[in-house]
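Participant: Mind having a look at this structure? Questions to follow.
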Amino acid sequence: MVSENYKEVRKRVDEACLRAGRDPKEVTLVAVSKTKPCEMIRELMACGVKDFGENYAQELVSKTEEITDPLNWHFIGNLQRNKVKYVVGRACMIHSVSSLKLLQEIQKEAAKKQLIMSVLIEVNIAGEQTKTGLTEEEAVELCRHAEDMDHVSIRGLMTSAPLVENPEDNRAYFHEMNALRMRIDSLHLPNVSMEELSMGMTHDFEIAVEEGATLVRVGTAIFGARDYSHKA
């Protein structure tokens, strides 16, 4: 069932690309597997799926220890600085960098492990009080701080749009995110490349794709409802 759900979501992503005149290969579907068992992940792996999203550092550790196949693990949750050491070297990308202190901690840990960590800057595009993320101007300023960070590569931006009944209500936010990405890209900042735009979830990913998303993070539509009673 999980594999069939994934195929249906992928089909909808592809159709959204075609509506927008985009190549479906430009968009990566990240299967958000937080709180879900490894058996479900393995079912998708059998279909060739390699991109998975996790929200909790300890859950990422346990899953990467159990599943040793070469997968692309995306860390998409709020990351505390004291948990950075568990994520750097396990995740292929951290989507949720929203402070200079966190970026500096990632730089420090990546230097220890002698690797370059790909990150996205999280923008609270709708200004929601209940969500983390930077304003547009704060995002631009944070990107400027990457110049001397030789173990961090800012690859783009990420946002979580409001939970709305009508996905069309988020189109303006997604459009604004794409405009911000192009604006930052035009600055040609060192260690900053704006090729990635992570936005769109189960309720609005098609609109996000139409507005330029390159990474969509879909969980419920693939894995079903969440069970948070065992989260790590």
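Participant: Can you spot a residue in the range 209-228 that is among the small types (Gly, Ala, Ser), within 23 Å of residue 79 (Cα to Cα) and buried (at least 16 other Cβ atoms within 10 Å of the Cβ)?
Facilitator: Yes: one or more hits.
Participant: Go over the candidates 106, 125 one by one and state the one that is more than 17 Å from residue 195 (Cβ to Cβ), touching a His at 6+ places or on another chain (Cβ under 9 Å) and in contact (Cβ under 8 Å) with a residue 12 or more places away in the chain.
Facilitator: 106
Participant: So, one more: Return yes when residue 162 is farther than 18 Å from residue 98 by Cα and assigned to a loop (DSSP other than H, G, I, E, B) and no when it is not.
Facilitator: no
Participant: Oh, and also: Does the range 97-119 include one or more residues that are over 29 Å from residue 146 (Cα atoms), among the basic types (Lys, Arg) and not in a loop (DSSP other than H, G, I, E, B)?
Facilitator: No - not one qualifying residue is present in the range 97-119.
Participant: Restricting the first residue to the range 62-79 and requiring it to be over 14 Å from residue 118 (Cβ atoms) and touching a residue at least 60 places away in the same chain (Cβ under 8 Å), which pairs with a second residue that is of a type in the set (A, V, I, L, M) and assigned to a loop (DSSP other than H, G, I, E, B) meet a Cβ separation below 8 Å and a spacing of at least six or different chains?
Facilitator: As it stands, the answer is 62/232, since those pairs meet every condition given.
Participant: Further question: Residue 158 fails exactly one of the following numbered conditions: (1) over 20 Å from residue 193 (Cα atoms); (2) in contact (Cβ under 8 Å) with a residue 40 or more places away in the chain. What is the number of that condition?
Facilitator: Result: residue 158 passes all but (1).
Participant: Which numbered condition trips up residue 109, out of (1) over 16 Å from the mean Cα position of the chain (by Cα); (2) more than 16 Å from residue 75 (Cβ to Cβ); (3) among the charged types (D, E, K, R)?
Facilitator: (2)
Residues are listed down the side, and each one gets a yes or a no for (1) farther than 23 Å from residue 157 by Cβ; (2) touching a helix residue (DSSP H, G or I) at 6+ places or on another chain (Cβ under 9 Å):
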position: 17; (1), (2): no, yes
position: 43; (1), (2): yes, yes
position: 53; (1), (2): no, no
position: 67; (1), (2): yes, yes
position: 83; (1), (2): no, yes
position: 87; (1), (2): no, yes
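Participant: Then there's this: Please find, within the range 182-200, the residue that is modelled with the lowest pLDDT out of those that are within 19 Å of the chain's Cα centre (by Cα), outside any strand (DSSP E or B) and surrounded by fewer than 21 Cβ atoms within 10 Å (Cβ to Cβ).
Facilitator: 191
The values are calculated or read from the model by the stated rules, or taken from the named source; none is laboratory data. What you are looking at is a predicted structure, and each value in this text was computed from that prediction instead of being measured. With ideal geometry, Cβ positions are generated from the backbone for all residues, glycine too; neighbour counts draw on all protein chains shown.
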